[in-house]
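All remarks here apply to the structure that follows.
The values are calculated or read from the model by the stated rules, or taken from the named source; none is laboratory data. These figures come from a predicted structure and were not determined experimentally. A quick note on method: Cβ atoms are made from the backbone with ideal geometry, for glycine too, and the neighbour counts reach across all protein chains shown. Areas reflect the complete protein model, heavy atoms only, side chains present, ligands, DNA and RNA absent. Shrake-Rupley method; radii C 1.70, N 1.55, O 1.52, S 1.80 Å.
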Amino acid sequence: MSQRSERRGIHVDQSELLCKKGCGYYGNAAWQGLCSKCWREEYQKARQRQIQEDWALAEKLQREEEAAYVSSHSSSQTQPPQSQSQQSLATFSKFEEKKTNEKTRKVTTVKKFFSPSSRTAPKKVPPEKESEKEEKLQGRRESHGENLLRDLKGIFTQPWEMASPTEALVSRLRESHEGKTPSPSITRQSSIETDRVSRDFVEFLKTLQKLGRDIHKQSRGFIESMGNKNDLSAEELSECVQDFYQGMSDRLMNHFKGSSEKVDRVMDQVEKYIMTRLYKSVFCPETSDDEKKDLATQHRIRALHWVTIQMLCVPVDEEIPEVSDSVVKAITDIIEMDSKRVPRDKLACITSCSKHIFNAIRITKNEPASADDFLPTLIYIVLKANPPRLQSNIQYITRFCNPSRLMTGEDGYYFTNLCCAVAFIEKLDAQSLNLSPEDFEHYMSGQASPRQQDDPAAWPQSGSRVNPALSQIHHNLKLLSNLEKRQQEVTEGAQNLQTELSEWQDSVAREVQEILERYPLEIKPRASAIDAENVENDRLPPPLQPQVFAG
């Protein structure tokens, strides 16, 4: 089997990273292999088709209501009042039941865009006002279809224009009046980081003068409008943010006369400000299954802990200190991605991780790294790091990052490779690792390991490209064994020294005793002084003193 066929489970052609429509931009697995631009076009087409179907259904319901009313009104002219009222109510009841069933089954998308007033349940009418209800029934039927069509028209409004700051305030007042709990994103106090980003954003906009004030006003209005859309799905939240990006980018492009560099600089600041403020409400939202995907990915990576460098054909030698440092830095960067709030900062962590991987490959091979070497090494880094909330971070970048960053440039290339690496891990099988299906199942279930610990020959040898953790364990066991031997030697030496000291002390004591016995000590009386018995010493003349004579 050739090397290419052995690695076909890991190798990805560069053409596979591009958009399936052939536009030349990088695609994304979350967008069904399309780039951001083509995906938005397909999404808009599907959305327009759904809106047209909902609109046609709404018109059909309105016609049925009008026909039912005309039928009940014509029959009321030929029947007694009591039977007329009963038949009218029965006909209307059947029609309402049919209409409710059709709405529940088909008009789910339209309901999401209705205003609170259109979702308010009708109040019960007391029996004494039944006659007034019959009189007002015609007016309500005629206005019901108009209200339905008016609500549908709101779908075609741009997301950032659907709710102005004043409308958002009125909506919050209405919710508080109706006893609803305000949105946590509105009442949540700003964190220190949010305040810092807001100050930096204002300082940046001061350099743009009037344009900066307009950008700040539109950004704040968009953030307030997003506070009232917590019930939207993750895709709809993404659509709102991307529409705002697109509208803001178009206005900036007109203002700067097509200078893409200035537009990108402003859009980076806008993205940083908006996504820092909206992070807690749009990252891993409750309406998505991101958390479930995170747990599944973490469990999958933990189950693959036995995968070695040799199985993935990773051209990295971690025995080299520089390579080991690059691997550690790459793991640190991919883990640090979860601590960032702005999609651009998360992309920067992925880019930094990828550059450390390329550096490790270059040092190991002593030549520039290729794309075929990069992807398996990235898979190995992800398996070693097991980054927290990996799927949530990928989805967050996909949904809310400036699309131009994901479509071109090194950020888009590295992010696309990370998506491929995660997809490979999810679909990893025995053929991808050059293993038999039986061995793969045994390794996955924990019944066996690629290296049997009880077999000394199975331990990794120094310099071999194997799992560095097991190599380090083997090295540490050797050190512990040598230390144990040395400790035993030191203990034996200390005991011997203690015995020798005790014997030397006894021998010295015996020698001293023998010398004392051989040469006993005799103490003689002290001799007296020459003039000790001279009692007339006090009568002796004083000693002579030297005298100095002046010449």
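Brief remarks on what is shown
- If you look at the Cα atoms of the range 192-281, you get an Rg and a Dmax of 13.2, 39 Å.
- Apportionment of accessible area to carbon and sulfur, the range 292-445, percent (1.4 Å): 51
- Charge dipole (debye, nearest 20) of the range 192-281; +1 at Cβ of Lys and Arg, -1 at Cβ of Asp and Glu: 540
- Whole-number D in µm² s⁻¹ for the range 320-420, Kirkwood Cα-pair radius fed into Stokes-Einstein, 20 °C, 1.002 mPa s: 157
- Restricting the range 267-359 to GluC sites (Glu not before Pro) in coil, as DSSP defines it, with at most 16 other Cβ within 10 Å: E286, E319
- Number of Lys pairs (Cα under 17 Å; 8 or more positions apart or on different chains) in the range 192-281: 9
- Using a probe of 1.4 Å on the protein chains alone, the accessible area found for D317 is around 30 Å².
- Summarising the label geometry, the points placed 7 Å from Cα in the beta-carbon direction at I192 and A56 lie 5.9 nm from one another.
- Solvent-accessible area per residue for the range 290-386 (1.4 angstrom probe, square angstrom): 41
- In Å², nearest 10: area of Y519 left accessible to a 1.4 Å probe: 150
- Accessible surface ranking that places the most exposed of F358, F440 first, with a 1.4 angstrom probe: F358, F440
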